[in-house]
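A short write-up of the structure that comes next.
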Ligand code: CDP
Ligand code: MG
């Protein structure tokens, strides 16, 4: 490894270089409680966490301040401990609930089950969680509730002031997901109406001062001066001192051509040359993680003794629960665990025993261009802040090492200091409808933490108008607008479901909606591209992927939901089971909205018309002169191609509609369906009036 790697000149103790200007509240303020609770073993573990010393300081600040901002490095105990401290201090008494939000579903599940275990209670009772399509809480029983920030926004539609919560902790605020930004804006408004509500904003790294400034508006301050009682409106800032070990950074000397291959070689080299300790590898998504896992597993088998100590686990958001649990299980003696993860392991999850980190320097990010009206999912360089977080994961148990698969020069010159908030690089159709549904009409004046681009707003309003969701005054239409907002899916899918009612194909469309909300129903090919393609052809419909999904779903049901059937056909069993579950929930929602459940008995034309009623904005026409299957979007004249995973790849019908775009070497359309162009002007005359 010596010639490959060069140690970085970056400060080795990377865990100390954050916190510019954060007010530090001394640990002397707090004294640890003496009474014991729960299991002795877990109790000891809890007391060893850095956050423990701050228990009383945190409780004091929450008592006396409307908003408390807590910064502490990953693993210090913020997510698992703070809700428990609050419960112990009585914040969950009298039927009140303590909420803790996370941007990621998988993190919600993992921390909720950890906290239930620490408290010795069954998950779903005192400690529960809610993510989209999965509610594991019991009303009047659950005291600590973990949920995604997206679900919290949905709850505001039912209960605008979130009255059941006494404290809401917005965790992982530095991630700056769209929903986090929206939640913060909304909570700030709620706080004015509910002075007794307490907010905690917590994260691993955060611009604590700018966050505090956001919560401190002048009106609030004036009120503090006139009111004598009640919590201070001025946010408190608490910095939790961590105790991470040194992490030595190594860079590659020359840029690597293939980061997956480089990651695999690095893991093998660590295994050969470095003492015991688990390895965490950061790649970008299910696909490249799948490739790396199979390369390493093959290597471990082929090499007999040499690499046989490696146990390799993938970690990404769509992973089934059973496989998630394996990642957190202790490493057997004499073995070395290798976890290959997306940036979910950057700050949202704590993995014990990691000593080596391999950082590809990339993550999958959304980028939206309002001019072309295309939102791409792109593998793009991470920020310096992310790179530091990733490296920090190596220093939890003892001094560690981080191998960056990029040059030091790249780190210094090419990587931005901080990432761009998601709200400034995403399509805002979903976001706008949610805010409108909460009765907030002035979207531009919403009071954003970071303002989205006006062009993106205008695009979103235009699409929502064409969907029939907003009227001429940009207010939600009744009933369509309210119904679309009520379905917990992207508005285009919701509209497709509503249209299926008139077209008499709701049973089919609900199946398609359920499958479109999953990542993929095919297993990653693991090198067997030919077999996967052949399997797909057994289900392929000339009309495209949406109708193909109906064939697969039908086959799955006819097999008696058999896992062998899935295995034989390269269909992802867990995804299909999830599809059945989601479908069931969508059926219930549809019934509630007064949709008649009806099958069109495989009349694929009405099915495609219903899809078009939702996705007309994603229509494309084949460029017949291009000879390489190039399409142009109708609205923005953008060049796009059919993704190789589509059943229409190389078929190239003249007119298509896509569900989403991914950018690799080209802009690829995923989930593609043929249409008749006359349907476009039928369903969206306003949108296509200039064509
Ligand atoms: O939120 P923060 O990153 O500050 O830490 P945390 O998630 O509350 O984790 C605190 C500690 O709980 C970790 O150091 C782990 O020891 C433990 N933990 C665990 O063992 N399993 C989990 N699923 C979550 C946390
Ligand atoms: Mg956490």
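None of the figures in this text is laboratory data; all of them are computed from the coordinates on show. Worth saying up front: this structure is predicted, and the values here are computed from it rather than measured. No Cβ is skipped: glycine too gets one built from the backbone with ideal geometry, and neighbour counts run over all protein chains shown.
Structure summary
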read-out	value
Relative contact order [Cα under 8 Å, 6+ residues apart], segment 578-691, whole percent	21 percent
Distance histogram in 10 Å bins (all Cα pairs of segment 445-513, percent per bin)	19, 43, 28, 9, 1
Column: log10 I(q)/I(0), Debye, Cα scatterers of segment 254-303, q = 0.28 Å⁻¹	-1.22
Cα centroid of segment 600-678 to Cα centroid of segment 437-513, whole Å	22 Å
Length added when fully stretched, residue 577-residue 272, from 0.36 nm per residue minus Cα-Cα	105.8 nm
Calculated Rg and Dmax of segment 573-634 using C-alpha coordinates, Å	17.1, 49
Computed over segment 587-691, Kirkwood Rh from alpha-carbon pairs, angstrom	14.9 Å
Relative contact order computed over segment 475-524 (Cα-Cα under 8 Å; 6+ residues apart), in percent	23 percent
Sorted peptide list for 250-260, 389-399, 570-580, criterion being average Cβ within 10 angstrom, highest first	389-399, 570-580, 250-260
Equivalent ellipsoid dimensions for segment 56-189 as semi-axes, Å, which come from the Cα gyration tensor, largest first	19, 18, 16
The chain: antiparallel DSSP beta bridges as a percent of all, rounded to 5	35 percent
Ranked by how many other beta carbons lie within 10 Å on average, peptides 487-496, 628-637 from highest	487-496, 628-637
Estimated translational D of segment 252-394 in µm²/s (Stokes, Kirkwood radius over Cα pairs; 25 °C; 0.890 mPa s)	155 µm²/s
Contour minus Cα-Cα distance for residue 155 and residue 585 (0.36 nm per residue)	153.1 nm
Whole-number percent relative contact order across the chain, with pairs defined as alpha carbons under 8 Å at least 6 apart	12 percent
Approximate spin-label separation residue 417-residue 444, in nm, with each point projected 7 Å along Cα-to-Cβ	2.9 nm
Estimated FRET transfer efficiency when R0 is 45 angstrom, pair residue 163-residue 563 (beta carbons, to 0.05)	0.55
Calculated P(r) of the chain - Cα pairs past 46 Å, %	20 percent
Residues residue 628 and residue 605, FRET efficiency given R0 of 35 Å [Cβ-Cβ distance, rounded to 0.05]	0.75
Computed FRET value (nearest 0.05) for residue 135 with residue 654, which takes r as the C-beta separation and R₀ as 41 Å	0.40
Amide N proximity, segment 657-674 versus residue 639 label position 7 Å along Cα-to-Cβ, cut-off under 17 Å	662-669
Percent of alpha-carbon pairs separated by more than 12 Å within segment 504-550	67 percent
Simple spin-label estimate for residue 520 and residue 453 in nanometres, 7 Å along Cα-Cβ	2.9 nm
Using distinct alpha-carbon pairs, which all enter the 1/r mean, Kirkwood radius of segment 32-133 in Å	14.5 Å
